[in-house]
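S.K.: Pasting a structure here, questions to come.
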Amino acid sequence: DCEVDGKLVNAGTVTTIGKLYFGNGGEYKHTRDGGSIPVATWNVNSNCNITDITATAPVIPSATQPFGNFTYNCPNQSVDNINLAGTLNSIAGNFYLVSTGGGSNDLRLGKGESGDLTVGGDYTQTGGWLLITGEGGGTRKMTVNKNFSLQSGTFCTSFYSGSGTLNVNGNFSSAGTFIFSY
């Protein structure tokens, strides 16, 4: 077993034999394109930081693992469709979207795949594009249990034939571009 209270940087492959636990303030940093985020137990105050995706989505092998805080900040992303394929389902803390590269490069929670996302804390977007669902006819829901803050960038609930819903249980603020259906 392994408990991370500091930082674990993945620039290649992390293979676990026992249990992996990210403690209070523990950080996982995904510094590679594609690859796999390890299955772990995440303290609500731990951090999963995705930083170096350029063209291939990271694999989240267990859709049932609740992350603590989750940050997507990939300024060198060079494609317009990074699809998490419905595998990001639970963030106990906060979800931060900082960058998806330039232009209309986006992060999609899913296309035709099932799997809703619940964020236990706040959603804060300071750049990039996020789509709840893309083409493929998928029906997905994103629930934010605290505050939703779109400071910059574009947030889209549905793209083409997808059907996405956003539920916010706290305050809603938008200085960026919010699109219901694109």
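S.K.: In a loop (DSSP other than H, G, I, E, B), buried (at least 18 other Cβ atoms within 10 Å of the Cβ) and either in contact with a Pro (Cβ under 6 Å, 6 or more places away or on another chain) or not small (Gly, Ala, Ser) (or both): is that true of LEU88 in this structure?
M.R.: It is true that LEU88 is in a loop (DSSP other than H, G, I, E, B), buried (at least 18 other Cβ atoms within 10 Å of the Cβ) and either in contact with a Pro (Cβ under 6 Å, 6 or more places away or on another chain) or not small (Gly, Ala, Ser) (or both).
S.K.: Can you tell which of TYR28, TYR21 is modelled with pLDDT of 95 or more, in a strand (DSSP E or B) and crowded, with 18+ Cβ neighbours inside 10 Å?
M.R.: TYR28
Residue by residue, here is whether (1) modelled with pLDDT of 95 or more; (2) touching a strand residue (DSSP E or B) at 6+ places or on another chain (Cβ under 6 Å) holds:
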| site | (1), (2) |
| --- | --- |
| GLN125 | yes, yes |
| GLY136 | no, no |
| MET142 | yes, yes |
| THR157 | no, yes |
| GLY164 | no, yes |
| VAL168 | yes, yes |
| ALA175 | yes, no |
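S.K.: Just one of the numbered conditions (1) within 19 Å of PRO66 (Cα to Cα); (2) in contact (Cβ under 8 Å) with a residue 40 or more places away in the chain; (3) of a type outside the set (Asp, Glu) is not true of GLY134; which one?
M.R.: Tallying (1) within 19 Å of PRO66 (Cα to Cα); (2) in contact (Cβ under 8 Å) with a residue 40 or more places away in the chain; (3) of a type outside the set (Asp, Glu), GLY134 fails exactly one: (1).
S.K.: Something else: Filter region 91-133 down to the residues that are open to solvent by less than 10 Å² (accessible area, probe 1.4 Å) and among the aliphatic types (A, V, I, L, M) and list them by number.
M.R.: Listed by number, the residues that qualify are ILE91, LEU97, LEU107, LEU109, LEU117, VAL119, LEU130, LEU131, ILE132.
S.K.: Scan region 105-149 for residues that are of a type in the set (D, E, K, R) and under 16 Å from ASN171 (Cβ atoms) and jot them down.
M.R.: Across region 105-149, the qualifying residues are ASP122, LYS146.
S.K.: Further question: Any idea how many residues of region 46-80 are part of a loop (DSSP other than H, G, I, E, B) and surrounded by fewer than 18 Cβ atoms within 10 Å (Cβ to Cβ)?
M.R.: 14
S.K.: Of the residues THR54, THR64, which single one is at pLDDT below 95 and among the polar types (S, T, N, Q)?
M.R.: Residue meeting the stated conditions: THR64.
The values are calculated or read from the model by the stated rules, or taken from the named source; none is laboratory data. Computed from a predicted model, the values in this text were never measured in an experiment. Cβ sites come from the backbone with ideal geometry, for glycine too, and all protein chains shown count toward neighbours. Keep in mind that these areas ignore ligands, DNA and RNA; they rest on the heavy atoms of the full protein, side chains included. Shrake-Rupley method; radii C 1.70, N 1.55, O 1.52, S 1.80 Å.
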